[in-house]
Number of protein chains: 2
Amino acid sequence: MYRSPRSSTPHRHQSRLASALALLACAVALPDAAVAAESPDRAAIRAQIDARHDASIEELRDWIALPSIAAENRNMREGAEHMAMLARGAGFQHVEILDTDGHPGVFATLDAGAPKTLGLYFMYDVKQFDAAEWTAPPLEGRIIDRPEVGKVMIGRGAVNQKGPEMQFLQALHAIRDAGQTMPVNLVLIAEGEEEIGSPHIRQLVYRPKVQAALEKTVGVFMPFSMQSPDSPPSIHLGAKGVVELELIASGERWGRGPRKDVHSSLKAMVDAPAWRLIKALDTLVSEDGNAITIDDYPVAPPLSDEHRAMIAKANARSDEAGLKKALGVDHWIDDLPWQQAQERLVSQPTVNIEGLVGGYTGPGGKTVLPHQAVAKIDMRLVPGQQFDDAVAALKKHLAKRGYGDIEVKVSGGYNPTQTRADSAIIQAGLTVLRERGEDPLLWPLLAGSYPGFVFTDPPLSLASGHFGLGDGGGAHAPDEFLVIESVNPKVEGYDGAVMSYVDYLYAIAR
Amino acid sequence: MYRSPRSSTPHRHQSRLASALALLACAVALPDAAVAAESPDRAAIRAQIDARHDASIEELRDWIALPSIAAENRNMREGAEHMAMLARGAGFQHVEILDTDGHPGVFATLDAGAPKTLGLYFMYDVKQFDAAEWTAPPLEGRIIDRPEVGKVMIGRGAVNQKGPEMQFLQALHAIRDAGQTMPVNLVLIAEGEEEIGSPHIRQLVYRPKVQAALEKTVGVFMPFSMQSPDSPPSIHLGAKGVVELELIASGERWGRGPRKDVHSSLKAMVDAPAWRLIKALDTLVSEDGNAITIDDYPVAPPLSDEHRAMIAKANARSDEAGLKKALGVDHWIDDLPWQQAQERLVSQPTVNIEGLVGGYTGPGGKTVLPHQAVAKIDMRLVPGQQFDDAVAALKKHLAKRGYGDIEVKVSGGYNPTQTRADSAIIQAGLTVLRERGEDPLLWPLLAGSYPGFVFTDPPLSLASGHFGLGDGGGAHAPDEFLVIESVNPKVEGYDGAVMSYVDYLYAIAR
């Protein structure tokens, strides 16, 4: 599942810094000059973006009002149909809903008669929400003034990912409305299960006609609001893979300990699944919790000199102190200096405890001996490591150490994504940024994850990445927002973000 | 805190077996013959119990309708005042409310001009409850038919401990109403913090006038519904002590890791408090989770031959298979046979995980690196181990192993309780049971805990224990109940339980 580093950061300031983490914060001055395009009439297109601004905002509001939430099986068919309608409206000639063993996806193509074809990855689902935690209704799309940011739209999906996706579709409307030639053909695959780990994305992408269509593309990109007030955008060359799972120790499976919670006094003669979980967990990582000690775990390749150099270049312009402050962290692992910490972030696989839950979890205590204890784990994978290998190694390790009864309940995840810097979709992004007068950076690998593997792994072996100007925050959190009118000249508002997609499409075509 | 082994057993069947665990299930035939008393006119007293039955039930209902819950600071003053009113009504001439640094207690004395004085320990507080989980309103005291049990009153506190306490007070009413001589003087101390671990009971019991009054007693007993349909009551000679605490690993105290939850991708460069907790927990117990490995932990003395013999005698009449089935346990620790398992239950201190909670605890996963993780722990202590020593050893151990930053947040607990078999309060209980034709058992030590230490430790060094016929269940659980009319001839109903207290008082006087 793609979870932007913004995912866990409910407030704007956190969002910004988490974004900096992924995309590498670095401060450069932005020129006032607009990007000079070669062939299209940018002014005409820009005029159409302005003319259709209110209509596009209204379309985004309507989309936000229809939340598709896979985990709740909410509006999934309706969401796919809405996605299909939006694609048709934006000029896709062929649009169809594809069923899977899970929730449906949408496959669409736009044939512009162009020499090049670009792939698009969309998600029409959004994260769960609790309206009680929001200061504005999560499904209304209300536009409010946010101090030091500007006018923002509040809504679930505003930035993750309906907002950027709607901005991309608005770019297609504007090119057409301005009477300009669509510079590339498009192949769109949209899924409704991104927020639950994309369990059926292979059934969409590897369907013969979809695969055949994608094979003709120069790569697959996802619209993404990559700006922040503190730093110019940088372009990533991939993302870590992830395994999300629960380790469940239970009296039932163990055959020891109780099959239901019993009084804690019984600990004197009854075995405890909670202690078993602790002992098993203890074998997975080193004493400091930072090195993986799972037997025969897939080996992470060393960081390449090329990637080390990218990190060094980025670090020269990044704000370590600001990130530490925003994260509430005083020391990186092993007190590493900034460069080595960032190298670790990029190059190291992880085994992380997302959550621990067992027995009594309320305030104070309760004298029970729990029949079950669970550790929620995520394991990030770097290119060179495979999802299946990591899961198999973990299971084998537990069995070998005598913990074969501990259930390994995998709930989602996928392989890492890796894309070459010289691919068209990466170079097009760099071109748009350079033509804006920026000095963009490349970043080797997002520490977060998204299901780009389905495009970059065989059989497709395509490039995959993100691009898009604009800003937002609060993904997965209350008060998720998208910037509509920016008070910061370094950050584009809604229409500027739309224009960045216009420029991107023409850059791909060159 | 006294938590009956019934505490964690919401349903009757569980309750029964948990009770069997503590009090040692053993099946003997009950004779029909009533107990022959020596001096009092038992028939006259019994007639008054009958005559006042409805009034006493109504008083119990009124008491249940006023739940005092220390954890919620609910009705504490009102609860103490109600307790005082009930004591006055039952004949205590001196009744006063005593303030503490926590919630108030009640001190009362009844001077019968008798040679002997008996101490009483009451609690007026009850456990929290969630009315939505109950099939009858928890504060109504509704009487319903329970299959194979009889008429029972449903209500929070019905058996833990308002019901048995009200039955005891009804015994006092009945003796007085029958014109009989009160056989002993009484000293009552009632607290309102039993359910939160009796943190201020020393401030009540060691207040000079209370201590002076208690010094004159032959021991301190608590009314307790000790019958079950499967087994005759047995009398315990003490209870384990307990320490309840939380071990909290946090980025804040550690100085490493984050001070708030951050995105899990950061695990590659940020230390994890959750792993730190796992590593620290791992040092506390042996690989199988059953032996304490805390450095310099207070040593548990070996089981005495006398206690081993008590266990063997009880085992000859107990139902191991039934208990295993009720608990959902297939094997005791180390596959011990019944006798050795019971010896372990009586003699071994424990370190138990009551609960684990950290990071994301909802359904599925969430990609966070938690800033904090907590293990809720209870440590049971056997006689010879002191509460303070256990806490000090744990803290020293953690510091020595390099986990000094892990907070040891002690929320409650106290020393073990131990009482000699030849003490008056134990012998009186045995006498009442034998005069009913039963062959009662002694049990060395409850594996559960109650704050009897405050009476049995110096300076008072008194005997302390429980006694009372009748039955009930669901303590700390929904649908807590007290048997009012029993369909099982081996189990007393409300009035029979009251009569058992009458007999107990006269037995003490002999």
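The values are calculated or read from the model by the stated rules, or taken from the named source; none is laboratory data. Treat the numbers as computed from the prediction; the structure is a model and nothing was measured. Note: ideal-geometry Cβ built from the backbone for every residue, glycine included; neighbour counts use all protein chains shown. Please note that ligands, DNA and RNA were not included when accessible areas were found on the heavy atoms of the full protein model with its side chains. Shrake-Rupley method; radii C 1.70, N 1.55, O 1.52, S 1.80 Å.
Observations
- Within the range B:387-404, if we keep just the residues that are in contact with a Pro (Cβ under 9 Å, 6 or more places away or on another chain) and buried (at least 17 other Cβ atoms within 10 Å of the Cβ), the residue that is farthest from B:Met222 (Cα to Cα) turns out to be B:Ala393.
Residue-wise test of (1) among the β-branched types (Val, Ile, Thr); (2) under 21 Å from the mean Cα position of the chain (by Cα).
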| position | (1), (2) |
| --- | --- |
| A:Val408 | yes, no |
| A:Gly412 | no, yes |
| A:Thr419 | yes, yes |
| A:Ile425 | yes, yes |
| A:Leu433 | no, no |
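- Which listed residue, of B:Pro440, B:Pro459, B:Pro478, B:Pro489, is at pLDDT 95 or above and either closer than 28 Å to B:His53 by Cβ or assigned by TED's automatic domain parsing to the domain that holds B:Glu195 (or both): B:Pro459
- Flag if B:Arg156 is assigned to a loop (DSSP other than H, G, I, E, B), at pLDDT 95 or above and within 26 Å of B:Gly241 (Cα to Cα): yes
- B:Leu327 being touching a Pro at 6+ places or on another chain (Cβ under 8 Å) and either within 14 Å of another protein chain (Cβ to nearest Cβ) or of a type in the set (Asp, Glu) (or both): yes
Here is a yes/no grid of residues against (1) open to solvent by 10 Å² or more (accessible area, probe 1.4 Å); (2) of a type in the set (A, V, I, L, M); (3) in contact (Cβ under 8 Å) with a residue 40 or more places away in the chain:
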site: B:Asp125; (1), (2), (3): no, no, yes
site: B:Asp130; (1), (2), (3): yes, no, yes
site: B:Trp134; (1), (2), (3): yes, no, yes
site: B:Leu139; (1), (2), (3): yes, yes, yes
site: B:Ile144; (1), (2), (3): yes, yes, no
site: B:Gly157; (1), (2), (3): no, no, yes
site: B:Pro164; (1), (2), (3): no, no, yes
site: B:His173; (1), (2), (3): yes, no, yes
site: B:Gly179; (1), (2), (3): yes, no, yes
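- Scanning the range B:266-279 for residues that are more than 7 Å from every other protein chain (Cβ to nearest Cβ) and either over 15 Å from A:Asp334 (Cα atoms) or among the hydroxyl-bearing types (Ser, Thr, Tyr) (or both) returns a single hit, B:Leu277.
- Any chance A:Ala84 is without any contact (Cβ under 8 Å) to a residue 60 or more places away in the chain, crowded, with 20+ Cβ neighbours inside 10 Å, closer than 24 Å to A:Arg202 by Cβ and in contact with a strand residue (DSSP E or B) (Cβ under 6 Å, 6 or more places away or on another chain): yes
Conditions (1) touching a residue at least 24 places away in the same chain (Cβ under 8 Å); (2) assigned by TED's automatic domain parsing to the domain that holds A:Gly402; (3) of a type outside the set (A, V, I, L, M, F, W, C), marked per residue:
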{"residue": "A:Asp282", "(1), (2), (3)": "no, yes, yes"}
{"residue": "A:Asn290", "(1), (2), (3)": "yes, yes, yes"}
{"residue": "A:Asp305", "(1), (2), (3)": "no, no, yes"}
{"residue": "A:Met310", "(1), (2), (3)": "yes, no, no"}
{"residue": "A:Gly322", "(1), (2), (3)": "yes, no, yes"}
{"residue": "A:Asp334", "(1), (2), (3)": "yes, no, yes"}
{"residue": "A:Trp338", "(1), (2), (3)": "no, no, no"}
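- A:Glu287 being among the charged types (D, E, K, R), surrounded by fewer than 24 Cβ atoms within 10 Å (Cβ to Cβ) and more than 7 Å from chain B (Cβ to nearest Cβ): no
- Single unsatisfied condition, B:Lys313 versus (1) part of a helix (DSSP H, G or I); (2) more than 7 Å from chain A (Cβ to nearest Cβ); (3) open to solvent by less than 50 Å² (accessible area, probe 1.4 Å): (3)
- Qualifying residue in the range B:185-201 (condition: surrounded by fewer than 23 Cβ atoms within 10 Å (Cβ to Cβ), in contact (Cβ under 8 Å) with a residue 40 or more places away in the chain and either closer than 23 Å to B:Ala112 by Cα or not assigned by TED's automatic domain parsing to the domain that holds B:Ile45 (or both)): yes
- Verdict on A:Arg308 being in contact with a strand residue (DSSP E or B) (Cβ under 8 Å, 6 or more places away or on another chain), basic (Lys, Arg) and more than 9 Å from every other protein chain (Cβ to nearest Cβ): no
Rundown of residues vs (1) open to solvent by 10 Å² or more (accessible area, probe 1.4 Å); (2) at negative phi; (3) touching a strand residue (DSSP E or B) at 6+ places or on another chain (Cβ under 8 Å), yes/no style:
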position: A:Asp230; (1), (2), (3): yes, yes, no
position: A:Ser234; (1), (2), (3): no, yes, yes
position: A:Gly238; (1), (2), (3): no, no, yes
position: A:Glu246; (1), (2), (3): yes, yes, yes
position: A:Gly251; (1), (2), (3): no, yes, yes
position: A:Leu266; (1), (2), (3): no, yes, yes
position: A:Val270; (1), (2), (3): no, yes, yes
position: A:Pro273; (1), (2), (3): no, yes, yes
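- If you go through the range A:60-81 and keep only what is open to solvent by 40 Å² or more (accessible area, probe 1.4 Å), outside any loop (DSSP other than H, G, I, E, B) and modelled with pLDDT of 95 or more, you end up with A:Arg61, A:Asp62, A:Arg74, A:Arg77, A:Glu78, A:Glu81.
- Here B:Pro337, B:Pro370 are screened, and the one residue that is facing another protein chain (nearest Cβ under 8 Å) and under 30 Å from A:Glu252 (Cα atoms) is B:Pro370.
- Neighbours by Cβ (under 7 Å, 6+ apart or cross-chain): first from the range B:477-498, without any contact (Cβ under 8 Å) to a residue 60 or more places away in the chain; second part of a loop (DSSP other than H, G, I, E, B) and of a type outside the set (S, T, N, Q): B:Gly496/B:Leu469; B:Gly496/B:Gly470
- Pick from the range A:343-357, criterion part of a helix (DSSP H, G or I) and more than 7 Å from every other protein chain (Cβ to nearest Cβ), ranking: farthest from the chain's Cα centre (by Cα): A:Glu343
- Scanning the range A:492-510 for residues that are within 18 Å of A:Gln170 (Cβ to Cβ) and in a loop (DSSP other than H, G, I, E, B) yields A:Glu492, A:Gly493.
- Checked against the criterion of being under 19 Å from B:Gly197 (Cβ atoms) and either touching a helix residue (DSSP H, G or I) at 6+ places or on another chain (Cβ under 9 Å) or part of a loop (DSSP other than H, G, I, E, B) (or both), the candidates B:Val410, B:Val432 yield just one match: B:Val410.
- Among residues of the range B:52-64 that are more than 22 Å from B:Asn160 (Cβ to Cβ), those with a Cβ under 9 angstrom from a residue that is open to solvent by 50 Å² or more (accessible area, probe 1.4 Å), sequence gap 6+ or separate chain, pair up as B:Arg52/B:Asp177.
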